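These notes concern the structure reproduced below.
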Amino acid sequence: MLRTIRNALLLALSLAGGAWVYHWGVAGEDRYTVFDLLQGKPAPAAIPGKATGTEALEPNPAEGEKNSESPGGADETGTTEPDAEAAGKADATSRPGGPVALDLNSTELLHQVNLALADLTDKVVPAVVSIDTTTTVEVPRYQAVDPFGLFGYRRFNQRMEAPGLGSGVIVSEEGHVLTNHHVVAGVDAIRITLHSGDVYDAEWVGSDPAADVAVLKISVPEEVKTPPELHPLEFGNSDEVRVGDMALAVGNPFGLSESVTRGIISAKQRRLSDGGNEYFQTDAVINPGNSGGPLIDIHGRIIGINTAIFTGQQDVRVWQGIGLAIPANEAREVYEAIAFNKPLIRGYLGLSLDDLNAGLARVLRLRTTRGALVTHVDDDSPADQAGLLPGDFIVTFDGAEVTSAEDALQRIRRKKAGADVTMTVIRKGEPVDLEVTVTERPDTTTLQLRSDITASGQSIAETLGLVVRDLSPSERQAFGLRDEHPAILISDVQASSQANEGGLRPGDLIHAINRDPVHNVAEFYDLLGSLPKKRNSVIILTRQGRRIDVYLNPGA
């Protein structure tokens, strides 16, 4: 029993001695220890500075003497006034590189962050618009042949307008709006609601379906004497965006306009291929209706266009913590190509790249992870023709060191088609120099412009030998047509043309093409320019009150 008590006392003395040595020999450099806790000393600030505790908040005596005559300084007796002491505290906590001391019981820092976020929201929300679209669809209906349905049912199609929702962001004083291509693809009408609540029709200017970016323009009627006040946002440089950066997503989810959510950039370059789209991943809440809205940085600049949500389960169609956005540099490139006719610069080598971890570097006998690992090479691509192989590790591109897969892809895309570049790769532990010619990315030519479609429609009309014009108000009255009735007039048909051989005649009224209504000549050209080539299309017209269907092949 005595031996047990003696051993317990020896253990306690040993622990006490070790703690004393640690406190004075190791933890003596202004560290908060269990002894400070037992003595009731307050815990220091979580963010350390050059000075801690209340010492950092005490005014500098020298500064007090220097500013003794200024308001809020020390008086002749050397007593510091309360407002000067507060100013000294603010200066101590805000001076770059100076002492940092925080009052853990104060909410001032949270207040400043909250105020900054509210100010940022006030700045960006007026530039975000709600986009409402309508698409005419045909829904099959069945009607009984007789009152009791004994002799079966007759099928007919009923035309209905299907609504759609989306978001957009104003990017120019002229009223250009950026959104997703899938928001406006194939729709019949587009209407935009501004921050002020005013609603305007929008004109589709052009799209890049591959990038899923579309450009609209607000159409202000001529009778509106005071045009709407627009608040465009500027683009940020998405190449400088870092994982962890704060971001705001603004949009029209489920029709709830001007909804703002906050998150961070969760990841970049989700698909590491120079031939595919790249996306930012964000945890800012994105739901149906957010598509086309902007992803905003803390400076109020566009760093992305929200485009999709990731659904891990097929039956779940709402936010699950993963949203995807098109980087702003890609969206800006498409916008400038459509609005200002600037060429798209999209280099292509046919590579898929990935970063390298330390374990894989040892397997490949590499001494560094700085570079880009080739994981796939497209057949008959420039990279394939230059002899690049999966497993090659790119360390230099065009004479400069490659730091990552993202770095290499950005350099490839910025190269113009036809540019010759050199690269050094590590293959089986040995350096190999290669020369490759950058070509145009295969989907670069997918840009769709309204001007191109209209020009194509005019060309098709000339090829068909058809001349059309809009109806005057008096002509509409003579034909018994109201303003909303779709109709244009065929003014001339060339002899020996496809239109003449198909049965079209001057004086006929064209009402629709493939069931799409034709209200004016502009719509007629748009529909002609969008028709499938080398396939018959039906033109629905009337002649002296009788309906006639004429089948023509624009590609013949």
query = Can you give the charge dipole size of the stretch 190-264 about its Cα centre, rounded to the nearest 20 debye, using +1 on the beta carbon of Lys and Arg and -1 on the beta carbon of Asp and Glu?
reply = 220
query = Using modelled backbone amide H atoms (1.01 Å from N, in-plane), which distant-in-sequence or interchain residues come within less than 5 Å of Y348's amide H?
reply = T439, R441
remark   = Expected sort for 466-476, 207-217, 400-410 on mean C-beta neighbours within 10 Å, highest first, is 207-217, 400-410, 466-476
Rough spin-label spacing in nm, given labels placed 7 Å along Cα→Cβ, for T107 and A185 = 4.8
message = For Cα pairs less than 8 Å apart in space and 6+ apart in sequence, what is the mean separation divided by the residue count of the stretch 447-552, i.e. the relative contact order in percent?
response = 29
inquiry  = If packing is taken as the average count of other Cβ atoms within 10 Å, what order do 357-367, 191-201 fall into, highest mean first?
reply    = 191-201, 357-367
query = Taking θ as phi - 60°, what are the ³J(HN,Hα) couplings along the stretch 240-255 by the Karplus curve (6.51, -1.76, 1.60), each to the nearest whole Hz, with x for Gly and Pro?
reply = 8, 5, 10, 4, x, 5, 6, 8, 10, 10, 10, x, 10, x, 6, x
ask   = Treating the beta-carbon of each Lys and Arg as +1 and of each Asp and Glu as -1, no other charges, what is the dipole magnitude of the stretch 347-444 about its Cα centre, to the nearest 20 debye?
value = 420
inquiry  = Counting only other residues whose beta carbon sits under 13 Å from that of G166, what net charge do I get with K and R as +1, D and E as -1?
reply    = -1
query = Counting only residues 5 or more places away or on other chains, whose amide H sits under 5 Å from the amide H of A267 once H atoms are built in the peptide plane?
reply = Q281
remark   = Charge tally for neighbours of V538 with beta carbon under 10 Å away, counting Lys, Arg as +1 and Asp, Glu as -1, is 0
ask   = Does the stretch 458-556 come out rounded, prolate or oblate, given a ≥ b ≥ c as the square roots of the eigenvalues of its C-alpha gyration tensor, rounded meaning a/c under 1.5 and, failing that, prolate meaning a/b above b/c?
value = prolate
message = I want to make sure I understand the PRE zone here: with the label point 7 angstrom from the Cα of S497 toward its beta carbon, which residues in the stretch 510-530 have backbone N atoms less than 20 Å away?
response = 510-514, 518-530
remark   = So S530 and T542, fully extended at 0.36 nm per residue minus their Cα-Cα distance, gain in nm 2.0 nm
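All of the numbers you see were taken from the coordinates with simple rules; none came from a lab. Bear in mind the structure is a predicted one, so any value in this text is a computation, not a measurement. Here the Cβ is made from the backbone with ideal geometry for all residues, glycine too, and neighbour counts use every protein chain on show.
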